[in-house]
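Please read the structure below before turning to the comments.
The values are calculated or read from the model by the stated rules, or taken from the named source; none is laboratory data. Computed from a predicted structure; not experimentally measured. Neighbour counts are summed over all protein chains in view; Cβ atoms, including those assigned to glycine, are modelled from backbone coordinates with ideal geometry. SASA here: full protein model, heavy atoms, side chains in, ligands and nucleic acids out. Shrake-Rupley method; radii C 1.70, N 1.55, O 1.52, S 1.80 Å.
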Amino acid sequence: MYPIIRKRILNPTVIQMEIEAPLVARKARPGQFIILRVNEEGERIPLTIAGTNPEEGTVKIIFQVVGATTEALKHKEAGEAVQDFAGPLGMATETEGIERVCIVGGGVGCAIALPVAEAFHRQGAEVTSIIGFRNQDLLILEDEFKACSDELIVMTDDGSYGRHGNVTVPLKEMLEAGKPFDRIITIGPLIMMKFVVAAAKPFGVPVTVSMNPIMIDGTGMCGGCRITLNRNGERVTKFACVDGPDFDGYEIDFDEAMSRGRMYADFERQAYEETCNLFRQA
Amino acid sequence: MAVNPKKQAMPTQAPEVRAHNFQEVALGYTETMALEEASRCLNCKNRPCVAGCPVNIQIPDFISRIKQKDYEGAYQVIQQSSSLPAVCGRVCPQETQCEAQCTLLQRAKMEPVGIGRLERFVADWHSEHGQETDQVPPDNGHRVAVVGAGPSGLTCAGDLAKKGYRVTIYEALHTAGGVLVYGIPEFRLPKRIVAREVEGLKKLGVQMETNVIIGKTLTVDELFEMGFEAVFIGSGAGLPNFMNIPGEGLKGVYSANEYLTRSNLMKAYQEHPNTPIMKGGRVAVVGGGNVAMDAARTALRLGADKVYIIYRRSMEELPARREEVEHAEEEGIDFRLLCNPVRILGWENPENPRDPQNGCVRAIECVRMELGEPDASGRRRPVEIPGSDFTLEVDTVVMAIGTSPNPLIKKTTEGLEVNRRGGIIVTEDGLSSRAHVYAGGDAVTGAATVISAMGAGKTAAGAIDRELSGRAG
């Protein structure tokens, strides 16, 4: 069992937890993820690491309540524990040699983008962060991003906070104004990342995308997380868990990834409703 | 007394019943059946069956004990050579190993002694009536780390623990057992049997650390820093192979590893699972090994209306265990032999791009094959018959065409040499290119059998003992 040391509600559906897992805390680097099970018989879900405290032996995760498992996790309090917590998995985000980076995060993806932005900031890179949310209520981690970014732009879809519009608007402006980015790193919903890639393409700036497909073991065994890349006219299969989760945004077959992501939509919706009902009755 | 030419038949659940449940298919011999079968053993002098066993179980000795109704004694004989008797009695391909060597086969129309069935009887008898000793063997002062709690790792750990080594097994998943829990289905190997074998190892003093991925959470070098004197890598065959044909990214296409892991390890077969799996409809399983049989029969039990096995060679070359093929046929699996998939077709609703069926599997297109000249493996090479394409309407496709060794350990262990396919290169003793690092099982050979992995674990345990027993503890 892995004790939950601290819990913080970031917004009505996004929760931060610090979980005691000393071996993972010691090894984890930005961009890597863990697999957890909330309880015995629970499903295995991948969550990207949002930070670590190696001295304390804790790993920070930030998750959005989207289904049965995250709903069950939401009801766990500090002092309780999760059944399983394994990692760090996947390859760390490549930061070497990058001096000017633009981090584009969307929604809960910002939680994963933050440690990446911090890593760049620590190595002295110029960090521009664009973070987008549906509305002001869903805004998270603004102060944290401010602390590690040379420039921070907050966007909301409805204009209730920051600038009105989606994250590609300021990105395009900056690229058109000739702002020299060595790399754009985008983490968020697939559709957002697809448009970030499309916005960057005319300018030829390399784009790294962080994929978060359906996964079971996370160690390369099941192949459920496979991603198709279009590389030099050929279709190449890669596994997000061992080859990723970061990939070259220009190569990703986003449409296939979005379709595969909806494979169990019906099951997930039903399981979510059942779980919510259980907690309501309790 | 004349020897009965036939093996005692194994009682099984009726095919029409078992095709709809996950309970064990083969029910096991009764005592009477076991005694009858044991009486067929000639107890011959040259004992060819022992040489046919990858872990050299003293087969005629345990069968003699059965004849004397000393079932616990029989168990002790098996246990000297095998850490997992209840598992092997169920999943070993005996027809190509011990039983293939049986002296009875030299006589006309004789079936070999049912060694596997007797082994299972003895193991099951022991679990019901036997006394476990809770004694941990005296500590010899040496520590060994084992990577992976599958058949090779469990065997290696068990053999070393019996000699007084302090062994820690590191397992990446949340449950010990490896392929025995994620791969082989409940109806062929009930999980309580694996759990019992693992408990037995713990009683010998073996430490089990789950959720630790060697190569990620800890490296092999760190294991040595932690004080382990030798490391055995039994991390299994990782990455599933795909055919690289169009349509493998469609919804409803699984690797056998994923399909079986969802059903077995994650219990998606149960009534209210937390992990989803596609159930029902029409299912095509591509491949002809034990894993393909397991996937096909799992599909049936999950409620499929129709299940195909698509295999590019003929029944003669089909590599699965004979009994599994027979069971699959009895259960109504449709074998499409000498066929090979060329692409998987998906649903596309031009009227509605948001139709949830879009991107789901609709059919699989195959081409017929014929057998040509033998290839490097000695099997006749299948050759496409041009223009013979046909399609099967299916909703789910499971690719059961093998796996490649997992790269995680290789990536983080300097000096660990692997072959072209990614398998760790080892000596006859299981020693890798790194001093004190041993390996065995699928991590070395690529996908093979449970018993060959156990044999490798055993060999390495012997070599580790020879290396360390000379040192001061």
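Conditions tested, residue by residue: (1) without any contact (Cβ under 8 Å) to a residue 40 or more places away in the chain; (2) more than 10 Å from chain B (Cβ to nearest Cβ).
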{"site": "A:Gly223", "(1), (2)": "yes, no"}
{"site": "A:Gly233", "(1), (2)": "yes, yes"}
{"site": "A:Gly244", "(1), (2)": "no, yes"}
{"site": "A:Met263", "(1), (2)": "no, no"}
{"site": "A:Asp266", "(1), (2)": "yes, no"}
{"site": "A:Tyr272", "(1), (2)": "no, yes"}
{"site": "A:Asn277", "(1), (2)": "yes, yes"}
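Of everything listed in (1) more than 22 Å from the chain's Cα centre (by Cα); (2) in contact (Cβ under 8 Å) with a residue 60 or more places away in the chain, the single unmet condition for B:Asn43 is (2).
Against the numbered list (1) at pLDDT 95 or above; (2) within 17 Å of A:Gly188 (Cβ to Cβ), A:His164 comes up short only at (2). The residues of segment B:427-450 that are under 20 Å from B:Ser469 (Cα atoms), in contact (Cβ under 8 Å) with a residue 24 or more places away in the chain, open to solvent by 40 Å² or more (accessible area, probe 1.4 Å) and of a type outside the set (A, V, I, L, M, F, W, C), listed by number, are B:Glu428, B:Asp429, B:Arg434, B:His436.
At least 1 residues being farther than 19 Å from A:Ile216 by Cβ, open to solvent by 10 Å² or more (accessible area, probe 1.4 Å) and within 14 Å of chain A (Cβ to nearest Cβ) is the threshold, and among the helices (runs of 4 or more DSSP H) wholly inside segment B:133-207 those reaching it are B:191-203.
Conditions (1) touching a Lys or Arg at 6+ places or on another chain (Cβ under 8 Å); (2) touching a residue at least 24 places away in the same chain (Cβ under 8 Å); (3) outside the structural domain of B:Met369 (by TED's automatic domain parsing), marked per residue:
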{"position": "B:Leu260", "(1), (2), (3)": "no, yes, no"}
{"position": "B:Lys267", "(1), (2), (3)": "no, no, no"}
{"position": "B:Pro276", "(1), (2), (3)": "yes, no, no"}
{"position": "B:Lys279", "(1), (2), (3)": "no, yes, no"}
{"position": "B:Arg282", "(1), (2), (3)": "yes, yes, no"}
{"position": "B:Asn290", "(1), (2), (3)": "yes, yes, no"}
{"position": "B:Ala296", "(1), (2), (3)": "no, yes, no"}
{"position": "B:Ala299", "(1), (2), (3)": "no, yes, no"}
{"position": "B:Gly303", "(1), (2), (3)": "yes, yes, no"}
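Reported count of residues in segment A:33-65, each being more than 14 Å from chain B (Cβ to nearest Cβ) and in contact (Cβ under 8 Å) with a residue 60 or more places away in the chain, is 4. Taking the criterion of being out of contact with any Leu (no Cβ under 7 Å at 6 or more places or on another chain) and buried (at least 16 other Cβ atoms within 10 Å of the Cβ), the residues of segment B:344-365 that qualify are B:Leu345, B:Trp347, B:Asn358. Considering (1) in contact with a Phe, Trp or Tyr (Cβ under 9 Å, 6 or more places away or on another chain); (2) small (Gly, Ala, Ser); (3) open to solvent by less than 20 Å² (accessible area, probe 1.4 Å), the lone condition that A:Ala68 does not fulfil carries the number (3).
Every condition in (1) outside the structural domain of B:His174 (by TED's automatic domain parsing); (2) out of contact with any Gly (no Cβ under 6 Å at 6 or more places or on another chain); (3) touching a residue at least 40 places away in the same chain (Cβ under 8 Å) holds for B:Gly249 except the one numbered (3).
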